[in-house]
Amino acid sequence: MKFLSLLFCATLISFSGFTQNKDAILGKWLNSSGEAQVEIYKKGSQYAGKIVWLKNPNDDNGKPKRDSKNPKVNQQYKPLLGLELLNGFVYEDGKWTDGKIYDPKSGKTYSCNITQKNSGELNLRGYVGISLIGRTDVWKRVK
């Protein structure tokens with residue numbers, strides 16, 4: 001009987017190592033192109049992310065780059081630095097789902113899910129309609 005109890009406890013402990021911490025996503029992440037760092041933070045019970053660093057923060061005239069591709073004309077004057085790219089993510093079954101990701105290069109917003117790989121990197125899957133039709137970007141944690 002003691003053996004079964006020990007086996008049961010060992011199994012629980014080993015599985016607990018594989019469970020995802022819902023706040024593991026918090027912190028600064030470098031996008032796959034190395035052009036930007038995004039800080040992911042809690043916004044109420046959801047997760048969001050904003051640009052906190054740009055490799056090239058200024059345009060050719062030395063002025064801060066703006067969100068010029070935004071379809072909302074009144075938003076086009078806003079600087080990219082500090083722009084919220086991720087919003088509305090909720091943690092469910094080991095991943096962050098039901099969020100949106102904004103692409104300032106195109107001015108388009110996509111549905112998005114985020115998963116964390118065993119290596120600690122994030123897979124961001126942006127899509128329209130169903131997630132099978134989309135694109136995955138891999139972000140690395142900034143140390």
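In deg cm²/dmol and to the nearest 500, what is the mean residue ellipticity at 222 nm of the chain if only DSSP H runs of at least 4 residues count, each as -39500 (n - 2.57), divided by the residue total?
Values: 1 runs with 15 residues, N = 143.
Result for the chain: -3500 deg cm²/dmol, rounded to the nearest 500.
Computed over the stretch 68-143, the P(r) curve from all C-alpha pair distances, binned at 10 Å from the origin, holds 18, 46, 30, 6, 0 percent per bin.
Extension gain, V52 to K100: 0.36 nm times the residue separation minus the Cα-Cα distance gives 15.5 nm. The angle between the Cα long axis of helix 2-16 and the main principal axis of the chain comes to about 0°, on a 0 to 90 degree scale. Pairs exceeding 22 Å between alpha-carbon atoms, taken from K28/K105; K22/K78; K43/K69; K22/K140; K42/K69; K22/K100: K22/K78; K43/K69; K42/K69. Restricted to Cα atoms, the chain shows a radius of gyration and a Dmax of 18.8, 76 angstrom.
Each value in this text was obtained by applying a stated rule to the coordinates, not by laboratory testing. Treat the numbers as computed from the prediction; the structure is a model and nothing was measured.
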